[in-house]
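To start, the structure itself, in structure tokens.
The values are calculated or read from the model by the stated rules, or taken from the named source; none is laboratory data. Bear in mind the structure is a predicted one, so any value in this text is a computation, not a measurement. For neighbour counting, all protein chains shown are included, and Cβ atoms are generated from backbone atoms with ideal geometry for every residue, glycine included. Surface accessibility is based on the protein's heavy atoms, side chains included, excluding ligands, DNA and RNA. Shrake-Rupley method; radii C 1.70, N 1.55, O 1.52, S 1.80 Å.
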Amino acid sequence: LLRILGELNPKPKLIVLTVQKEVAERVCAAPPKMNLLAASVQFWAKPEIVMTIKSGLFSPPPKVTSAVLKLKPLAPKGIDPTEYYRLIKILFKQPRKTILNNLVDGLGVPRGTVTKLLTRINISPADRPQTLGTNALATLSDALTNQK
């Protein structure tokens, strides 16, 4: 559903969903707890947890707490979405590996080339993907796209 909403053109001015609380927290995660879901949604929207909803307010009551998630679509970043999503899939495939190792393995690019590129855009090759915010991810995606 989130992918479909992200691909809408034009996007609604505001999207409000009721989701499992843990999912809403993952969508709203920021560095150093960034994840694939957060990186993909925050590319096109600013998420916010508006409130939580106790399970007893539903009939029948679910076994989880829910949350109201507000998504405010953002202006396009001027970054190729296909390349951005390809990059974050590579980076978060093995989130415990370093950014350098994920890119070397995922792109098949020499280690020295990736190290130079990361250094040029002020990203530490030794960092983990969850330390990058969407601006850094967009910058990296743009740098990789323009390197081709």
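In the distance distribution for segment 3-76, Cα-Cα pairs more than 19 Å apart total 37 percent.
Charge dipole (Cα centre; +1 on Lys/Arg Cβ, -1 on Asp/Glu Cβ; no other charges) of segment 1-133 amounts to roughly 120 debye.
Between Ile49 and Glu7, the C-beta separation translates, for a Förster distance of 35 Å, into a calculated FRET efficiency of about 0.90.
Pairs Lys54/Lys77; Lys21/Lys89; Lys13/Lys97; Lys11/Lys93: which exceed 32 Å Cα-Cα? Long pairs (Cα-Cα over 32 Å): Lys54/Lys77; Lys13/Lys97. Surface composition of segment 1-87: carbon and sulfur atoms hold 59% of the protein heavy-atom accessible area at a 1.4 Å probe. Heavy-atom accessible surface of segment 1-78, averaged per residue, reaches 65 Å², computed with a 1.4 Å probe. The convex hull of the Cα atoms of segment 106-147, projected and averaged over all directions, covers 2.9 nm².
Using a Förster radius of 41 Å, what is the FRET efficiency between Thr82 and Thr18 based on their Cβ-Cβ separation? Nearest 0.05, please. Efficiency for this residue pair is about 0.85. Quotient of the Cα radius of gyration of the chain and 2.2 N^0.38 Å, N being its number of residues: 1.17. Taking the longest Cα principal axis of the chain as reference, the axis of helix 81-93 is set at about 90 degrees.
May I ask you to rank Glu83, Glu7 by accessible area, largest first, using a 1.4 Å probe over the protein chains only?
Correct descending sequence by accessible area is Glu7, Glu83.
With the cut-off at under 17 Å, measuring from each backbone N in segment 77-92 to a point 7 Å along the Cα-to-Cβ line of Thr131 picks out 91-92. Per residue, segment 80-137 exposes an accessible area of 53 Å² to a 1.4 Å probe, with every protein chain left in place.
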